[in-house]
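Trainee: Got a structure here, written out as structure tokens. Questions coming.
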Amino acid sequence: MEEKGISRAVIKRLPRYYRYLGELLEDGVERISSSELSERMKVTASQIRQDLNNFGGFGQQGYGYNVRYLYTEIGKILGLDRTHNMIIVGAGNLGQALANYAAFERSGFKTIGIFDINPVLKGVSVRGIPIRMTDELPEFIRNNNVEIATLTLPKAKALEMAKLLADCGVKAFWNFAHTDLNLAMPGNYIVENVHLSESLMRLSYNLTRYESEHKQQS
């Protein structure tokens with residue numbers, strides 16, 4: 001399927017469509033209109049139609065969307081119809097929590113290695129995966145088809161480690177370090193920066209507004 005230039009806003013909404021359609025499948029829903037999907041997702045029906053039209057539309061006037069078909073096609077667009085081998089670098093609490101989250105594997109993201117610099121952790125098993133030392137990374141990446149590196153490292157170590165991994169052939173980074181990862185080096189690299197603290201700050205902002213509005217009403 002040929003895609004036009006797709007905006008980042010549309011791409012950010014695709015996983016939400018995929019998640020909601022998965023919930024509809026679990027509920028036994030076979031088809032849904034853009035208006036009904038709009039009510040569930042709190043996105044306008046017009047926006048849904050515009051978003052999906054970027055990829056061919058998928059709907060039929062008077063019928064709506066076949067839920068299973070749309071779910072499958074969005075999965076293909078997101079690359080979820082194949083397995084992505086992933087490693088985690090940083091086996092602290094967050095790294096181990098991510099490794100233990102089995103839902104990633106059900107979505108096609110398979111953790112095949114966990115790495116750390118702390119020798120105390122060497123050989124410790126997390127969901128059946130032994131923690132290795134970071135000096136084993138180059139050989140491990142050479143011998144395995146590693147697509148994604150998840151970084152759960154201190155800020156000071158993240159860029160250095162990312163450069164090492166990039167030199168070894170890793171192209172995609174899921175970065176939880178408290179810094180925006182910028183690989184200013186030759187080659188094409190894909191980075192998704194995740195800042196958990198920013199999400200909490202947005203929650204705090206909305207909570208503060210909520211409390212202020214209700215205090216004025218009382």
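Matching residues to (1) within 18 Å of ASN175 (Cα to Cα); (2) touching a His at 6+ places or on another chain (Cβ under 8 Å); (3) not β-branched (Val, Ile, Thr):
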| position | (1), (2), (3) |
| --- | --- |
| GLY75 | no, no, yes |
| ILE87 | yes, no, no |
| LEU98 | yes, no, yes |
| SER107 | no, no, yes |
| VAL124 | no, no, no |
| PRO138 | no, no, yes |
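Trainee: Further question on the same structure: Going through region 143-171 one residue at a time, which ones are part of a loop (DSSP other than H, G, I, E, B), open to solvent by 30 Å² or more (accessible area, probe 1.4 Å) and not acidic (Asp, Glu)? Quick ask: steps written out before the conclusion?
Mentor: First, the residues of region 143-171 that are part of a loop (DSSP other than H, G, I, E, B): 144-147, 152-154, 168-171.
After this cut, where a residue has to be open to solvent by 30 Å² or more (accessible area, probe 1.4 Å) as well, the list is 144-145, 147, 153-154, 168-169, 171.
Selection gives ASN144, ASN145, LEU153, PRO154, CYS168, GLY169, LYS171.
Trainee: A further question follows. Report, ordered by the first and then the second residue, all pairs with beta carbons closer than 7 Å, sequence separation of six or more or different chains, a first member in region 118-137 that is in a loop (DSSP other than H, G, I, E, B), and a second member that is at pLDDT 95 or above and of a type in the set (Asp, Glu).
Mentor: none
Trainee: Any residue that is of a type in the set (Asp, Glu), free of Cβ contacts under 8 Å to residues at least 40 places away in the same chain and either out of contact with any His (no Cβ under 8 Å at 6 or more places or on another chain) or surrounded by 11 or more Cβ atoms within 10 Å (Cβ to Cβ) (or both) - is there at least one of those in region 193-203?
Mentor: Our first condition is that a residue be of a type in the set (Asp, Glu); within region 193-203, this holds for 198.
Next, from what is left, pick out any that are free of Cβ contacts under 8 Å to residues at least 40 places away in the same chain: 198.
Checking the rest, the ones that are also either out of contact with any His (no Cβ under 8 Å at 6 or more places or on another chain) or surrounded by 11 or more Cβ atoms within 10 Å (Cβ to Cβ) (or both) come to 198.
Scanning region 193-203, I find at least one residue that is of a type in the set (Asp, Glu), free of Cβ contacts under 8 Å to residues at least 40 places away in the same chain and either out of contact with any His (no Cβ under 8 Å at 6 or more places or on another chain) or surrounded by 11 or more Cβ atoms within 10 Å (Cβ to Cβ) (or both), so the answer is yes.
Trainee: Tell me, which helices (runs of 4 or more DSSP H) wholly within region 7-114 include 3 or more residues that are out of contact with any helix residue (DSSP H, G or I) (no Cβ under 7 Å at 6 or more places or on another chain), surrounded by 15 or more Cβ atoms within 10 Å (Cβ to Cβ) and at pLDDT 95 or above? Step through it out loud before you land on a result.
Mentor: Working: elements: 8-26, 34-41, 45-53, 67-77, 93-100, 103-106.
Counting at least 3 such residues, we get 93-100.
Trainee: Applying the selection to region 133-142, what residues are surrounded by 19 or more Cβ atoms within 10 Å (Cβ to Cβ) and farther than 26 Å from HIS195 by Cα?
Mentor: Hit for region 133-142 is ILE141, nothing else.
The values are calculated or read from the model by the stated rules, or taken from the named source; none is laboratory data. Owing to the predicted nature of the structure, the values given are computational and were not obtained by experimental measurement. Note: ideal-geometry Cβ built from the backbone for every residue, glycine included; neighbour counts use all protein chains shown. Please note that ligands, DNA and RNA were not included when accessible areas were found on the heavy atoms of the full protein model with its side chains. Shrake-Rupley method; radii C 1.70, N 1.55, O 1.52, S 1.80 Å.
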